[in-house]
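Input: a single structure, listed below in structure tokens.
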Amino acid sequence: MTRISVTVDGVSYTDEVEPRTLLVHYLREVVGKVGTVVGCDTSNCGACTVHLDGRSVKSCNVLAVQADGHEVTTIEGLATNGELHPMQAAFHDNHALQCGYCTPGMIMQAVDLLRENPHPTEDEIRQGMEGNLCRCTGYHNIVKAVAAAAGASERSDA
Amino acid sequence: MIPAAFDYVAPTSLDEALSVLAEAGDDAKVLAGGQSLLPILRMRLNAPEKVVDLGRIEALRGVRDGGDHVAIGAMTPYADVLGDALVREHAGLLARAVETVADPQIRHRGTVGGALVHADPAGDVGAPVLALDATMVVVGPGGERTVPAGEFFRDLFETAVGDGELLTEIRIPKHTGWGSAYEKFVRVSHQWSIVAVAATVRVEGGSIAEAKVGLTNMGSTPLRATAVEQALVGSSASALADACAAAADGTNPPSDLNGDADYRRHLVTVLTRRAVQKAMEG
Ligand SMILES: Cc1cc2nc3c(=O)[nH]c(=O)nc-3n(C[C@H](O)[C@H](O)[C@H](O)COP(=O)(O)OP(=O)(O)OC[C@H]3O[C@@H](n4cnc5c(N)ncnc54)[C@H](O)[C@@H]3O)c2cc1C
Ligand code: FES
Ligand code: FES
């Protein structure tokens, strides 16, 4: 076992983990952040996307021990004081989900995308979300939601 | 899926990493960004007793100006290479290829050094590094040595980096003012290259003064299209097709569900022409 200290959604945790524990399993099973889900075995689907030190990563493809001393944000850490993050609100307003399974990962990646490129074109949104698969929506409303969130942040910048 | 159990060490210096590796021998595996190794461990295609994480060795990360070359630390993530001004200005071809690798999440973790040592023939960084005549810095128990990119790739998943050794730096001679393009052919987004071509050219007075062309997934290692490079000298943008027709010479492409070898031999000539054309435009 290895002792790790990780800040998850603003709270610090110290735990003993087996080195082979994947970050996603640590988040779900030890910390209880079940909002982050596993959708595949190949690191293709992006459902498990979280932010590690502010950058999006697939938490099924990171070991918990690699996150020792670092900061993780999950989908559960986005809302503040019970108010949805603008990206969560945009997904809600634009019907950007059906079953909702891909949604936590989609939203985390979309937030990262706007951090790197606050005013993406439609093509840049599609490219920036290429590591996230949705089996329901046909992506159309997801792209619309990300564009809407970008527009909203533009208005609040002004 | 969950990897088999292993011991984990995260050395904070290169010397420490080398002595851990020397002690562990065959039973150890080096972990860089983990974007190839962790899927392998999860599928239990490999089950090392010890995993040596290079992620805490700061000296292996970052890009610096080496005078006549750009020096990229082996542990520099793709995303940092993409955002780096030195790489963009002096080794544009590498940036063009890196932006096609996988997806943003994987580019935040995966490293250029890890990709080169992993040496997947469909991987996208081998061909540009080969075409740019890079030099690899390899460190082992016996000290440091440099390996030209042309001698680095040995076979499928096999490089000049031996057991107990580490790739520490990739030195890319400055190609300032060269145009470059990476033409990656895939059927769906987020796919590995079926074939890809890395081309960089120096244009003088509207025609090509020097050209360098690297090929992805046209054999068990990245390849240089030397016949094309020679034929391109003196070509103008309107006369590229003839020079690019030789792109498949000396290659040995695989046949698989994405296409047979003949299909790839044809594809590579088309992609070479497109890549060179784009490279001439900037
Ligand atoms: C879904 C998915 C899609 C992908 N798509 C693409 C793609 O389109 N194109 C592409 O090129 N790649 C793709 N990749 C692979 C990706 O580029 C990997 O990140 C890269 O191949 C490995 O880099 P890493 O830093 O993650 O290395 P790791 O996975 O940590 O290591 C890879 C291997 O290299 C060894 N190693 C690593 N660093 C060193 C070092 N410094 N010295 C000695 N040995 C070392 C390790 O022991 C291991 O054997 C994809 C991966 C995934 C999961
Ligand atoms: S569960 Fe991580 S990418 Fe699918
Ligand atoms: S909403 Fe069902 S997978 Fe995306």
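The values are calculated or read from the model by the stated rules, or taken from the named source; none is laboratory data. From a predicted model like this one, the values you see are computed outputs, not experimental measurements. Here the Cβ is made from the backbone with ideal geometry for all residues, glycine too, and neighbour counts use every protein chain on show. Surface areas here come from the heavy atoms of the whole protein model, side chains and all, with no ligands, DNA or RNA. Shrake-Rupley method; radii C 1.70, N 1.55, O 1.52, S 1.80 Å.
Odds and ends about this structure:
- What the phi angles of segment B:204-219 give under the Karplus curve with 6.51, -1.76 and 1.60, with θ = phi - 60°, is a coupling list of 10, x, x, 10, 7, 8, 8, 9, 10, 9, x, 10, 9, 6, 10, x Hz, glycine and proline written as x.
- With a 10 Å cut-off around each Cβ of A:37-43, the average count of Cβ atoms from other chains is 3.
- Computed magnitude of the charge dipole of segment A:2-77 (debye, nearest 20; Cβ of K, R +1, Cβ of D, E -1): 180 debye
- Positive-pole candidate from B:Gly66, B:Gln105, B:Thr76, dipole of segment B:30-124, charges at beta carbon: B:Gln105
- Excluding ligands, DNA and RNA, the accessible surface per residue across the protein assembly as shown is 43 Å² with a 1.4 Å probe.
- Comparing Cα centroids, segment A:26-73 and segment B:208-243 end up 42 angstrom apart.
- Distance between modelled label sites at A:Asn117 and A:Ala79, nm, 7 Å Cα→Cβ extension: 3.0 nm
- Using θ = phi - 60° and Karplus 6.51 cos²θ - 1.76 cosθ + 1.60, couplings along segment B:162-171 (whole Hz; Gly, Pro as x): x, 4, x, 10, 10, 7, 10, 8, 10, 9
- Amide H contacts of B:Thr159 (H built 1.01 Å from N, under 5 Å, at least 5 apart or other chain): B:Arg154
- Close amide H contacts of B:Val51 (hydrogens built in the peptide plane, cut-off under 5 Å, sequence separation of 5 or more or a different chain): B:Asp7, B:Tyr8, B:Val9, B:Lys29.
- Cut-off 12 Å (backbone N to label point 7 Å along Cα→Cβ of B:Thr146), residues of segment B:61-85: B:66-71
- For the segment B:9-22, counting C-beta atoms of other chains within 10 Å of every residue's C-beta and taking the mean gives 1.
- Around the Cα centre of chain B, unit charges on the Cβ atoms of Lys, Arg, Asp and Glu (plus for the first two, minus for the last two) sum to a dipole of about 820 debye.
- Number of partner chain Cβ atoms within 10 Å, mean per residue of B:105-114: 5
- Sequence ranges B:91-98, B:221-228, ranked by mean other-Cβ count within 10 angstrom, highest first: B:91-98, B:221-228
- Among A:Val146, A:Gly39, B:Met43 the positive-end extreme of the charge dipole of the protein assembly as shown (Cβ point charges): A:Val146
- Segment A:17-60 residues near the modelled A:Met1 label - backbone nitrogen below 18 Å, point 7 Å along Cα→Cβ: A:17-23, A:25-32
- For segment B:107-124, Karplus couplings with θ = phi - 60° (6.51, -1.76, 1.60), whole Hz, Gly/Pro x: 5, 6, 9, x, 10, 5, x, x, 5, 5, 6, 5, 6, 6, x, 8, x, 9
- Segment B:58-173 - charge dipole about Cα centre, Lys and Arg +1 at Cβ, Asp and Glu -1, debye rounded to 20: 180 debye
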